[in-house]
Amino acid sequence: QVQLVESGGGLVQAGGSLRLSCAASGRTFSNYAMGWFRQAPGKEREFVAVYSVSGLITYYADSVKGRFTISRDNAKNTVYLQMNSLKPEDTAVYYCAADRTVAGIQKHPDYWGKGTLVTVSS
């Protein structure tokens, strides 16, 4: 089992920045690809970003490309999502996910956190 706990959400004005963190425990963190998803009110959960085990592969949703950056610190068992130039449409609950592979992250991650709310005001 892998336990994931997100933090760092909050209220920010449009154009501002936030950094989300996801702390992992339970299994060897470095063996897992890590991703971020989000779910806006009334919408389905959508993929945001993924970071591979090796660190050689990162993917982003087109809607966040150039504004969001995913990174990981294996020594701290933590994955981050740096969000810049935030827009009101970025308002959502953000979820951390873990899976053995990048493909697994994008299709159906094995593990999920409970989410952290990000609200961007206009």
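The values are calculated or read from the model by the stated rules, or taken from the named source; none is laboratory data. Owing to the predicted nature of the structure, the values given are computational and were not obtained by experimental measurement. Glycine also receives a Cβ, built like all others from the backbone with ideal geometry; neighbour counts cover every protein chain displayed. Heads up: the accessible areas ignore ligands, DNA and RNA and are worked out on the full protein's heavy atoms, side chains in. Shrake-Rupley method; radii C 1.70, N 1.55, O 1.52, S 1.80 Å.
Details
- Residues being exposed (fewer than 15 other Cβ atoms within 10 Å of the Cβ) and in contact with a Phe, Trp or Tyr (Cβ under 8 Å, 6 or more places away or on another chain) - total across the stretch 83-95: 1
- Search result, residues across the stretch 28-42 that are open to solvent by less than 20 Å² (accessible area, probe 1.4 Å) and not in a loop (DSSP other than H, G, I, E, B): PHE29, ALA33, MET34, GLY35, TRP36, PHE37, ARG38
- Residue match in the stretch 44-59 (condition: among the basic types (Lys, Arg), crowded, with 22+ Cβ neighbours inside 10 Å and in contact (Cβ under 8 Å) with a residue 24 or more places away in the chain): no
- Residue list for the stretch 60-73, filter: out of contact with any Phe, Trp or Tyr (no Cβ under 6 Å at 6 or more places or on another chain) and buried (at least 16 other Cβ atoms within 10 Å of the Cβ): TYR60, VAL64, PHE68, THR69
- The set of residues from the stretch 96-112 being open to solvent by 80 Å² or more (accessible area, probe 1.4 Å) and within 17 Å of LEU56 (Cα to Cα) comprises ARG100, GLN106.
- For the residues VAL79, VAL120, the requirement of being in contact (Cβ under 8 Å) with a residue 24 or more places away in the chain, among the aliphatic types (A, V, I, L, M) and over 24 Å from SER25 (Cβ atoms) singles out VAL120.
- Every condition in (1) of a type in the set (Ser, Thr, Tyr); (2) in contact with a Ser or Thr (Cβ under 7 Å, 6 or more places away or on another chain); (3) over 13 Å from SER17 (Cα atoms) is met by SER71 except one, and the failing one is (2).
- The one condition in (1) out of contact with any Cys (no Cβ under 9 Å at 6 or more places or on another chain); (2) buried (at least 21 other Cβ atoms within 10 Å of the Cβ); (3) of a type in the set (A, V, I, L, M) that LEU4 fails to fulfil: (1)
- Flag if ARG19 is in contact (Cβ under 8 Å) with a residue 12 or more places away in the chain, within 18 Å of VAL120 (Cβ to Cβ), assigned to a strand (DSSP E or B) and open to solvent by 60 Å² or more (accessible area, probe 1.4 Å): yes
- Residue tally, condition under 18 Å from GLY115 (Cβ atoms) and either aromatic (Phe, Trp, Tyr) or under 11 Å from the mean Cα position of the chain (by Cα) (or both), over the stretch 24-59: 10
Yes/no matrix, rows are residues, columns are (1) in contact with a Lys or Arg (Cβ under 8 Å, 6 or more places away or on another chain); (2) at pLDDT 95 or above:
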| site | (1), (2) |
| --- | --- |
| VAL12 | no, yes |
| GLY16 | no, yes |
| SER25 | no, no |
| ILE57 | no, no |
| TYR60 | no, yes |
| PHE68 | no, yes |
| MET83 | yes, yes |
